[in-house]
Amino acid sequence: MKQKHIQHLYWRASFGIDVKQIVSLKSASKSKVVSKLFFDSKEFKVLELDLSEFDEIKYKTNKELSEKFSEEELQKLKNRRNKKVRDLNYAWIDKLGESKALLREKMTLFWANVFVCRDNDIFFIQNYNNTLRKNALGDFRVFVKEVAKQPSMLKYLNNKQNKKKKPNENFARELMELFTLGVGNYTEQDIQESARAFTGWSYKNNGDFYLQKSQHDFDEKTFFGKTGNFDGDDIIDIILEQKQCARFICDKVYRYFINPKVDEKRLEEITNIFYKDYNISTLMEHIFTSKWFYDDENIGVKIKSPIELLVGIQKVVPVTFDKKQQLNYLQKMMGQTLLYPDNVAGWKGGKSWIDSNTLMFRMKLPSLLLNNAVINLEEKGEFEDSFEQYYKVQKQRNKYLKITKNWESFDDKHQDLTAEELKDFLILSKLDKDTATFLENLEIKSNRNFCVQLMSIPEYQLC
């Protein structure tokens, strides 16, 4: 398999590839390389924090907690739980870069932006994250039904307030608009009828799903022309009978894994594959083994998301954040904080990752991480202070990122590469004429230095 094609595959199915891995895979056929990706991702391993500090209050209702603790103690408890959600964010980023199950982790990140959800309950959101991970390469039908029953989702889209005599349509609407069919592919009546089918869907204090029968509407509903005593599972089955559901998901898959510009002929091809049985692995294997996936028009044309950029850099030069909150800050500055999506529609992706501010920040990121560049710790929108307060805080914000860099790991793999080889390893897209001239005239002092230079050019933003 060609080096360029291996790099292309590993950037789309993962977060880049190791130089030594490329060498080991060059003699293998495409089908063997792809099979290895799936084999390594076959096993599902949960991402789990130590939450034993909350054992005493685990599964308590708000009423029970307020009886046990003062307001001040409750606030401290809330702060501790919020901190744990941030810890989960850091642990997830570590897992993206270090897991052997590369494809499963990349798919988990993809699905997190399809089934968008947010929750400050660390127990529920951790379980939700692992639900995405468990089903990432499995049966889409099972996946949708499990997501719909997660306490985090039942809370986030108000299905817990969905009662027989007063249906709440929020979940039913987003299920079709954002999760399965897309705008304009259902009617207002479909929303109303499906909302009735999801009435009474709730969860116990321990997070287990249950049907609150007294609040469920057991009467007949008419949905997509069918009539029956449908419940939520039936509604999801009927949605998946619509070929538009397969097309909607495949369109998202195409833009994320293949090319932001959709080729309608190829979209129809993968839609037909997915519609047969909604098997996610079958769909992804078809894509990664297709000849057209490796066409030049699909290589180096996708803007890396902030997380892809961040994790990709760390795969080349491993770093450890001494102050984890600075990792949180970097995500905020680039517009993608894991577990904290902007809204239920998720991150737009594509060109929306780049504007004049974020592009400059992204191009400076390698120097910030690897070259001790000074960072201005000012986040967007913080201009409400007085001038005196602003400049006082501003002065304190010009800081370095406190990071431990493992350049020895980089040297071990890259010190024998020529400048041209290092460039071909790091840059997948075609070089702009001006960038090529800049690199040709660059004085290369070391591969470490050249690595930072290459990661700072606009073309490194693409994969």
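Accessible-area rank, largest first, for PHE248, PHE410: PHE248, PHE410, with all protein chains present and a 1.4 angstrom probe. Each of ILE238, HIS286, SER305 was placed along the dipole of the stretch 220-322 (beta-carbon charges, centred on the mean Cα), and the one lying farthest toward the positive end is SER305. What translational D, rounded to a whole number of µm²/s, comes out for the stretch 228-321 from Stokes-Einstein when the hydrodynamic radius is the Kirkwood one over Cα pairs, at 4 °C and 1.567 mPa s? The estimated diffusion coefficient comes to 84 µm²/s.
Over all other residues within a Cβ to Cβ distance under 11 Å of ILE444, the charged ones net out to 0, with Lys and Arg as +1 and Asp and Glu as -1. Across GLU177, GLU420, the residue with the most accessible area heads the list, and the full order at a 1.4 Å probe is GLU420, GLU177. Carbon-plus-sulfur accessible fraction, the chain (probe radius 1.4 Å, protein heavy atoms only): 47%.
Heavy-atom accessible surface of TYR294, to the nearest 10 Å², is about 10 Å², with a 1.4 Å probe and all protein chains retained. Under a straight-distance cross-link criterion of Cα-Cα below 14 Å, which aspartates and glutamates are reachable from LYS36, leaving out those fewer than 8 residues away in the same chain? Partners within reach: GLU285. On the beta carbon distance between THR435 and GLU241, with R0 = 45 Å, the FRET formula returns roughly 0.35. What the phi angles of the stretch 364-371 give under the Karplus curve with 6.51, -1.76 and 1.60, with θ = phi - 60°, is a coupling list of 8, 3, x, 5, 5, 7, 10, 10 Hz, glycine and proline written as x. Its relative contact order, with pairs defined as Cα atoms under 8 Å and 6+ residues apart, puts the chain at 16 percent.
P(r) tail for the chain: Cα pairs beyond 37 Å make up 33% of the total. Charges were assigned to the Cβ only: +1 to each Lys and Arg, -1 to each Asp and Glu. The resulting dipole of the stretch 177-325 about its Cα centre is roughly 740 debye.
Multiplying the residue separation of ASP40 and ASP87 by 0.36 nm and subtracting their alpha-carbon distance yields 14.3 nm. Once the 1.4 Å probe is applied to the protein heavy atoms, the chain comes out at 48 Å² accessible per residue. Computed packing ranks the peptides 74-83, 115-124 as 115-124, 74-83, most packed first, by mean other Cβ atoms within 10 Å. Mind checking the alpha-carbon convex hull of the stretch 141-181 and giving the volume per residue in Å³? In the stretch 141-181, the Cα hull volume divided by residue count equals 68 Å³.
Here each label is just a point 7 Å from Cα along the line to Cβ, and for PHE54 and THR320 those points are 2.7 nm apart.
Each stretch of four or more DSSP H residues adds -39500 (n - 2.57); spread over every residue of the chain, this sum gives -16000 deg cm²/dmol at 222 nm. Fully extending the segment from GLU420 to ASP208, taken as 0.36 nm per residue of separation minus the present Cα-Cα distance, adds 70.7 nm.
Peptide packing: for 139-152, 439-452, the average count of neighbouring Cβ atoms within 10 Å per residue gives the ranking 139-152, 439-452, highest mean first.
The values are calculated or read from the model by the stated rules, or taken from the named source; none is laboratory data. This structure is a prediction, so every number in the text was calculated from the model and none was measured. When we count neighbours, we look across all protein chains shown, and the Cβ atoms used for this are built from the backbone with ideal geometry, even at glycine. Accessible surface areas use protein heavy atoms only, side chains included; no ligands, DNA or RNA. Shrake-Rupley method; radii C 1.70, N 1.55, O 1.52, S 1.80 Å.
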